Each structure stands twice: as structure tokens, then as C-alpha cells.
Amino acid sequence: MTNQGFTTLPSEETAEPAHVTVVHHAHPSNTLWSDFSAWYHAAPEEMETVDCGIALISDLGRNGFNVVCVPARNIDDEPDYASAIIDRAQKRGMRVLVDIGATTVERGGHLALTDETAIRVVQHWLDAGASGIELGADRVTDESAYRHSGLDLRLFQDYLAQYYPDAMLSLGFIADEEKEMISRIRTDLTHVVRTYRIDYAITAENIQRRMLNRFRSFEKCGVIPSWDLSGAALNALSGDIRSNGMLQAMLAFPGVLHLDRRAMMMTPSVRHGLRLRHTHRLASKSLAIDNGLADRGIISLFIDPFEVRLNFGPEIDAVANDGRVVSSSRIELPSQGNDLLIPPGDVAWIIRR
């Protein structure tokens, strides 16, 4: 598949105040994946049988997901498993990727796949109608230059390019430095949606720099922006903003979101946030950050038509209770007089005037 992402400059530049920085320029894209930006990574225990898988997919569809990564299994045990899962997903308007990552396969009680066996599994799922493959997350090292989750990256890229050119190859990098991630993608990968774990807490002081660096990395690599919203990643990001607040904020990020079961249990607002995301096509919009109130710990993200307001500070942040707060990291924000109160560590989505 062509590696066409969401990152293209708009035709006109608009002046912004000095404390507002546009961290991502975008416009609606015609990429085949622009409407499939909410991904769920299923664990093996969630899809032990066809009935379990079908029930999960139905639930994911109701919650606003449009891609599910399904753990690989022995195709000889249940040869009709893949077609049954894909059929139900397609009826829900969802796409399926088969997850052949070593961690997922071993968690399901199987030995890690050899390249030859993995190709056989991939062929089985793609012929049944899957839209691509997921290779899981792996740490970047010099020794692993051409392997990921124990599998040969070049082999799979060549295989997809030759036999399934429209298939998506998705994987995750665990990298300590931006340059490691950029080098690995530029030398090895051309057609990927990628996700990664970020092993540091986001603060009011570093959020702008971190976001700029990430979006620039995506642009340099020519890949679709992709965000790890797994429970583990969100816990690593949390600090002054709690993990459920980070999830609430990142549901508005342009690009592809990767969630799992732990993330879904963090806040009751995921379903509503994904619906707002789809309705307003946030996956393919520009994003700006306002740090004008950073001395108070208040950071605002602007993605049309929302202000996503994060309270990193020690004090309550009061906003007008005029009907424009449409979602938050709490079931309900407390109120005082004519204001709604965003407590420290929480996040709210506000419709901009």
C-alpha cells in the first residue's frame, strides 16, 4: 500500500498568538485508512473462541472502534475461525489485522512463530479478508536491525508488496531516543502504521516539545501519526495528569489511536470521546497547543471545533458552565455557581465559540 498519511500542509497559514504553536498541519486525506483511526488490540484471552471474538467485536463496534487486531492462533485447530471473525467485523464496518507479534502469540500459549509459519498464518488471514498484519512492539537495538518480534521485517514487507499490496503493516517500537525510531523506519520500513511506548511523564513544561518532536518524527518518516494508548503506555505518561486524563486528552489526537482492555477500564468517557472524534473527523485535522497559562499548569490543545483543556496545576480550573463542555475525564465535573470545575489532573473537551 502507498504510505500516505495525514501530514500535509494547508493551503493558507493563519497567524497565531505567540503562546500558540501549531504542532501538526493537516487536511482531510483520501488515504484508505483516514476513516479507520480507532484501533483495539485484543488479548488472546478475549478471543479464545469464535463466540468470544464475535461478542467482543460487537462490543467494540458499539464503542466506536473500527479496527481490531486479532491474536494469531493455530490455523489447523479452527480453520474457520478467521473467516467467522472477519465476517462479523465487516458487518460492523470494521477492519481486521492479524497479530503475529511474539508477545501476543506466546501469551496465547503458543511458541513464537518462525518466519515460514508466520507467512502461512498471514496468508490464511489475508485470504479470508483481513486488511493487514500487526507485528507487536519491540525494542530498537543495533542487533535487531532487520528483525521485529523475532520476525524478518524485510521478508514481510516484500511479501505484502508482492502479493497483498493494499495490506497494512503495523508495528510498535520501544525506543529511548527519537533518532533511533527515525533511523529504524527510514532504513527498514516504508509502509507502516506505528505505535510506541513513551517511558516518561508528560508535564506542562515538556508537552509542547514532546508533541512537536513526535509529529516531526512522523513527518520525516512519512508515516501516519500513531499513538500508543495502551494501559501500560498511559500509566507511563501519567504524572500531574492522571492516566485517565491522558487518555481523555489523546482521544483528540490526529492520526491512529491504539487502545487495549486496560485503557478501556480507565474512564467511562472513551465511547463518547470516540464518537466525537469520528463525528468531527479529528484524525485528519490540524492540532495546536496553547501554553499561555502554563505558569498555572493549564495547557490547551486546539483541534477544530474543540479546546482540550488539561489541568497540570495544583489548583482547580474554572470554566463557564454554558453547555460547551462536552466530555471530560470524570463522569461529571463538579460545579460552583456559574462555573464547571476541572480538578487538578483532569481534562475537559470544550466546544470553541
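Tabulated values for the structure
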| read-out | value |
| --- | --- |
| Accessible area (Å², 1.4 Å probe, nearest 10) - Asp51 | 120 Å² |
| Peptides ranked, highest mean first, by Cβ atoms within 10 Å: ranges 35-46, 53-64, 241-252 | 241-252, 35-46, 53-64 |
| Euclidean distance of C-alpha centroids, region 289-316 and region 45-64, integer Å | 36 Å |
| Solvent exposure of region 82-140 as accessible area per residue, Å², 1.4 Å probe | 44 Å² |
| Whole-Å distance, taken between Cα centres, linking region 75-97 and region 257-284 | 23 Å |
| Probe 1.4 Å, accessible area per residue of region 209-353, Å² | 39 Å² |
| Amide H contacts of Val70 (H built 1.01 Å from N, under 5 Å, at least 5 apart or other chain) | Leu97, Val98, Asp99 |
| Amide proton proximity set for Met168, modelled H, under 5 Å, gap of 5+ | Gly132, Ile133 |
| Where Lys285, Lys91, Lys220 fall by accessible area, highest first, once all protein chains stay in place (1.4 Å) | Lys91, Lys220, Lys285 |
| Overall dimensions of region 218-353 by Cα: Rg and Dmax, Å | 14.4, 49 |
| Isotropically averaged projected area of region 280-353, using the convex hull of Cα atoms (one quarter of hull area), nm² | 5.1 nm² |
| Length gained when the stretch Arg147-Glu332 is fully extended (0.36 nm per residue, less Cα-Cα span) | 61.9 nm |
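The values are calculated or read from the model by the stated rules, or taken from the named source; none is laboratory data. What you are looking at is a predicted structure, and each value in this text was computed from that prediction instead of being measured. Here the Cβ is made from the backbone with ideal geometry for all residues, glycine too, and neighbour counts use every protein chain on show. All accessible areas refer to the heavy atoms of the entire protein, side chains included, with ligands and DNA or RNA removed. Shrake-Rupley method; radii C 1.70, N 1.55, O 1.52, S 1.80 Å.
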